[in-house]
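Everything on this sheet refers to the single structure shown next.
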Amino acid sequence: MTHQDFTAFGLADTLVAALARADIHQPTPIQGQAIPPVMEGRDVLGIAQTGTGKTAAFLLPILHSLIQKGGRPAPKTAKVLVLTPTRELASQIADNVKTYTDGTKISHTTVFGGVSIRPQIEKLRRGLDVLVATPGRLLDLIQQNAVDLSQVRHVVLDEADRMLDMGFVRDVMKIVRELPNERQSLLFSATMPKSIEELAARILTKPVRVEVTPEVVTVEKIAQSVYLVPQKAKKLWLIDQLGKPDYSRVVIFTRTKHGANRLTGDLEKAGITALAIHGNKSQAARQKALAQFHKGDAQVLVATDIVARGIHVDDISHVVNFDLPEEPESYVHRIGRTARAGRSGVAVSLVDPSERSKLKAIARLTRQTLEPIDAGYEIPAGSAADSEGDGRRNQAPRNRNRRGGKPGASSRPRSKPAGAEKSGNNGGRSRQGGRRRSGGSERRAASGG
């Protein structure tokens, strides 16, 4: 069923007016599929990536129900619970609630770790219509008798696959046991592995399944390109490209937190304004970095996958995969940071020869042909120019074409002795970009749980 505008759903006038003020007029495919069954009170299992409009797909019909039924929440209770894995996602959902409820008396708040719990307890004391929470902090509040979930009418598990990846399944089930049996349950996930199917079977009752497939998300408005670049030459390629005017607002993804910090420092040395954001950063630091990037105070934001789904900034010109992700699904989340709200965008992946298997897995998932183009960059002789390693100082090469270079330009050799690459990164002197170990878990630091 095609909906040309939001009035066709029968949403409350205040919601339609709020959408119009936000310049949101036409439903996305996931909204067109999900809003009607949610308004009917059905449980829904949704498969959709970030950037598809799924937040509005579950929030709008739930808010419509709150407006229609009215009534004040009892102290320490909430009518709606939205569970999400990270602080950034919780804040983003809360921002959407604020936008959609403009002109209504609906109350809401967000709770997550990494900040003082006392103000959150005070907000919960009065009771709320909508509570957006990360699992760990919500369990803390339950244990302190600061919140009562027995009055929840609607529960949403957003980014369910990410919650499971971060080890929150037990926390989620503890929270579900606090909910009433009579409720509407919605589960949204970017992927549908067996673990999510099992979770859905435990939480949902005869759900309606709605789905927007990855290829619909990634192909239409994102120009994707892949360059074959040895790991040790990736920074040289990157610095050359960032000197071009069209690379105006760029998000770069690295594999580890240390890699993000190191690359950020190297870009700054090259005269490129850059900020790092990852699970080891405090909530205040992460919000500050996002705000600065949003304002244009920095050209580049360097991030890890743990915050990939929490970066919501308009007009991102490029997403660069400095390191290919360990899981192919993460590729879709990463490149979804660009081409948002109907805009176009560019996604560039730098692939070391050792990463070809990861590239093939991404191609299978997205059902695309992703043939790497040889960028023409050579490995600086004896260089330790990779973004990660054991933490030894890595000074930027002095004699190289830093800005405005072309992909075909080769980098100059450095005078550093051969074989000085970092341990555990490129697997030895004669083989570049060897198999890497996964960085440590960032679950608690990232989620605030």
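Things worth noting here:
- Computed E for residue 368/residue 209 - FRET, C-beta separation, R0 25 angstrom, nearest 0.05: 0.55
- Three-way shape label, the stretch 56-128, alpha-carbon gyration tensor, a/c 1.5: oblate
- Amide H contacts under 5 Å for residue 107, placed H, 5+ residues apart: 129, 130
- Order of 317, 150, 189 under a 10 Å beta carbon neighbour criterion, fewest first: 150, 317, 189
- Cα-based shape type of the stretch 1-42, given that a ≥ b ≥ c are square roots of the gyration tensor eigenvalues and the cut on a/c is 1.5: oblate
- Projected label points at residue 244 and residue 194, each 7 Å from Cα along the beta carbon direction, are separated by 4.5 nanometres.
- The GluC sites (Glu not before Pro) of the stretch 162-266 that meet both conditions, a loop assignment by DSSP and at most 11 other Cβ atoms within 10 Å of the site Cβ, are 182, 220.
- The local environment of residue 303, defined by Cβ-Cβ distances under 9 Å, has a net charge of +1 under the rule Lys, Arg +1 and Asp, Glu -1.
- Compared with the alpha-carbon gap, the fully stretched path from residue 315 to residue 40 is longer by 95.4 nm at 0.36 nm per residue.
- Placing a label point 7 Å from the Cα of residue 181 along the Cα-to-Cβ direction, the residues of the stretch 128-163 with a backbone N closer than 18 Å are 149-155.
- The shape of the stretch 14-116 comes out rounded: with a ≥ b ≥ c from the C-alpha gyration tensor, a/c is under 1.5.
Values in this text are rule-based calculations from the coordinates and carry no lab data. Note that this is a predicted model, so its numbers are computed, not measured. All Cβ positions, even for glycine, are placed from backbone atoms using ideal geometry, and neighbour counts span all protein chains on display.
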